[in-house]
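Below is one structure; the comments refer to it alone.
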Amino acid sequence: MLADILSLLVAYYSIELAKKTEATKENSYGFQRAEIVGSLINSIFLLALCLSLLLQVIQRFISISGFFLHILSLLLSSSLYPSLIFF
């Protein structure tokens, strides 16, 4: 939730910065590239969020009990085999 709010704030600030400023001799595009930098920051936030979720999934998968591991293996294999057959 915090990452969503932070990414929205970054996007809003970069759009406002790009609209507000005019082109000068030194900055021929003005600050239009602020939107690109804002997009880069948002993608870094998204990658960090995905990485943290992946680490949590790995930790949960390691700490799973024996019974649930068999059920999970059965479910994963039942969804994997049709994919391998059709592709």
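In table form, for the structure just shown:
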quantity	calculated
Within the chain, helix-based [θ] at 222 nm, where runs of 4 or more DSSP H residues each add -39,500 (n - 2.57), nearest 500	-28000 deg cm²/dmol
Computed over the chain: relative contact order in percent, which uses C-alpha pairs under 8 Å that are six or more apart	23
Residue-by-residue Karplus 3J(HN,Hα) for the stretch 36-49, coefficients 6.51, -1.76, 1.60, Hz, glycine and proline x	5, 5, x, 5, 5, 5, 5, 5, 5, 4, 5, 5, 5, 5
Relative exposure of SER28, SER14, SER43, SER7, judged by other C-beta atoms within 10 Å (fewest first)	SER28, SER43, SER7, SER14
Residues ASP4 and SER78, FRET efficiency given R0 of 22 Å [Cβ-Cβ distance, rounded to 0.05]	0.05
Phi to ³J(HN,Hα) by Karplus 6.51 cos²θ - 1.76 cosθ + 1.60 over the stretch 20-29, Hz, x for Gly, Pro	6, 8, 9, 6, 10, 5, 6, 10, 5, 9
Within the stretch 2-86: Cβ-based charge dipole about Cα centre, in debye rounded to nearest 20 (Lys, Arg +1; Asp, Glu -1)	100
Under-5 Å amide H pairs with THR21, H placed in peptide plane, nonlocal only	PHE31
Label assignment, percent of Cα pairs over 21 Å apart derived from the structure, set (1) 31; (2) 60; (3) 49	(2)
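Any read-out appearing in this document is the output of simple, stated calculations on the displayed coordinates, not a laboratory observation. In this text, all values refer to a predicted model and were calculated from it rather than measured experimentally. So basically every Cβ, Gly included, is an ideal-geometry build from the backbone, and we count neighbours across all protein chains shown.
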